[in-house]
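Read the structure below first, then the notes.
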Amino acid sequence: MLLKNKILIIGGDSYLAKNFSSFLKKKNIKYIRTSRRKKSKNFMDLTKVEKFRIPANISSAIIFSYQNNITYCEENFKDAYLINVRNILKLIKKLLSKKIFVLFISTNLVFDNTKKKRFEYTTTKPVTNYGKMKSICEDEIKKYCKKKYLNNYFSILRISKVLSYKINPIKTWIQNIKKENTLLIPNDIYCCPIDLNSLNQTMYKIVRNFYNGIFHLSGFKEYTYYDLAKKMFGTKKNLKLFKPINSKKLPKTIYNSKIKTFLSIGKNSKKIGIKKINLSEIK
């Protein structure tokens, strides 16, 4: 297979999808991005995926579209399950039936805290509804592809937390540091940061070469958000602004899973050149 045709970006309204679109544009790679906006010519409603018509000349598709608010998934399981599992799987099967290569973006939350090594082949054990839904999708995609002899047409990319100076929480931290405002930063929620460019490069590499299987993209080291802020912006002046706080005491509802967030990079990922991301790559 050769990447001669367009890449279909499902869930094109998300920040990650828009950023990847810009990445492709700079490379002069053709793509089509779906949108929830009804006036869009590539409108797609995830509650009615059966009505979505796959555009012509699509060689591969990347699934960004998902209800990824962890708190929402915990509190609204049925509604989230309809979108995140039933309808996403309908859409993926629809794409695969036309032999369109599918890259499903998954998460480190398919694991819990019991595993010291979390490789691509490690048995998943999610403890959040969001993680469970991603894990179910992974399993169902694998079963469907095996049954239909389509193993060469799908990939799963599990990622840890994507951070950038242009998105929260870092964007908010910078704004408050400039104003010399006190920052309440949770010291009991973990992240293992990766940068946007590494994510874009990895996704493009997979769909360009039609690499199939499960891959991991993870930060080199795991931090609490409080430790991360100190590491990135911890000058003597700024440290006076940073105040550690238990996430349960924050004014906004943040789901506190206390789950470790690192991913181990195994042979499958190393084979295509994936490496752990250093914090210095965050921009």
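The values are calculated or read from the model by the stated rules, or taken from the named source; none is laboratory data. The structure presented is a predicted model; accordingly, all values stated were derived computationally and were not measured. When we count neighbours, we look across all protein chains shown, and the Cβ atoms used for this are built from the backbone with ideal geometry, even at glycine. For the accessible areas, the whole protein counts, side chains as well, though only heavy atoms, and no ligand, DNA or RNA atoms are used. Shrake-Rupley method; radii C 1.70, N 1.55, O 1.52, S 1.80 Å.
Observations
- Listed pairs LYS6/LYS143; LYS78/LYS134; LYS236/LYS283 exceeding 25 Å between Cα atoms: LYS6/LYS143
- Taking all protein chains as they are arranged and a probe of 1.4 Å, the heavy atoms of GLU50 leave approximately 110 Å² accessible to solvent.
- Surface composition of the stretch 152-283: carbon and sulfur make up 48 percent of the accessible area, probe 1.4 Å.
- Alpha-carbon gyration tensor eigenvalues x 5, square-rooted, for the stretch 18-92, Å: 25, 15, 11
- Cα→Cβ-extended label distance, 7 Å offset, between ASP188 and SER97, nm: 4.8 nm
- Sorted largest first, the spans of the alpha carbon positions of the stretch 81-231 along the three principal axes are 58, 33, 30 Å.
- Heavy-atom accessible surface of the chain, averaged per residue, reaches 54 Å², computed with a 1.4 Å probe.
- Carbon/sulfur fraction of accessible area - the stretch 1-147, other protein chains in place, 1.4 Å, %: 48 percent
- Fraction of the pair-distance distribution of the stretch 132-205 above 17 Å, Cα-Cα pairs, percent: 65 percent
- Note: the stretch 183-265, Cα convex hull, 117 Å³ per residue.
- Phi-based couplings in Hz for the stretch 79-96 (Karplus 6.51, -1.76, 1.60; Gly and Pro marked x): 5, 5, 5, 4, 7, 6, 10, 4, 6, 5, 5, 4, 5, 4, 5, 5, 5, 5
- Exposure ranking of ARG37, ARG53, ARG158 by accessible area [1.4 Å probe, largest first]: ARG53, ARG37, ARG158
- The relative contact order of the stretch 81-154, computed from alpha carbon pairs under 8 Å that lie at least 6 residues apart in sequence, is 40 percent.
- Solvent-free Debye scattering, log10 I(q)/I(0), computed from the Cα coordinates of the chain at q = 0.11, 0.12, 0.13 Å⁻¹: -0.66, -0.78, -0.92
- Sorting the segments 86-97, 174-185, 23-34 by their residues' average number of neighbouring beta-carbon atoms within 10 angstrom, most packed first, yields 86-97, 23-34, 174-185.
- Overall form of the stretch 1-158 per C-alpha gyration tensor (a/c, 1.5; a/b vs b/c): prolate
- PHE119 - accessible surface, heavy atoms, 1.4 Å probe, Å² rounded to 10: 50 Å²
- Extending 7 Å from the Cα toward the beta-carbon at both LYS125 and ALA56 defines two label points whose distance is 5.2 nm.
- Rolling a 1.4 Å probe across all protein chains gives SER198 an accessible area of roughly 20 Å².
- Residue pairs exceeding 32 angstrom between C-alpha atoms, taken from LYS38/LYS98; LYS48/LYS276; LYS178/LYS267; LYS18/LYS240; LYS125/LYS275; LYS39/LYS231: LYS48/LYS276; LYS178/LYS267; LYS18/LYS240; LYS39/LYS231.
- Each Cα pair under 8 Å and six or more residues apart adds its separation to the average, and for the chain the resulting relative contact order is 19 percent.
- Dividing the convex hull volume of the alpha carbon atoms of the stretch 85-137 by its residue count gives 79 Å³ per residue.
- Long-range tail of P(r) for the stretch 47-139 (Cα pairs > 21 Å, %): 37 percent
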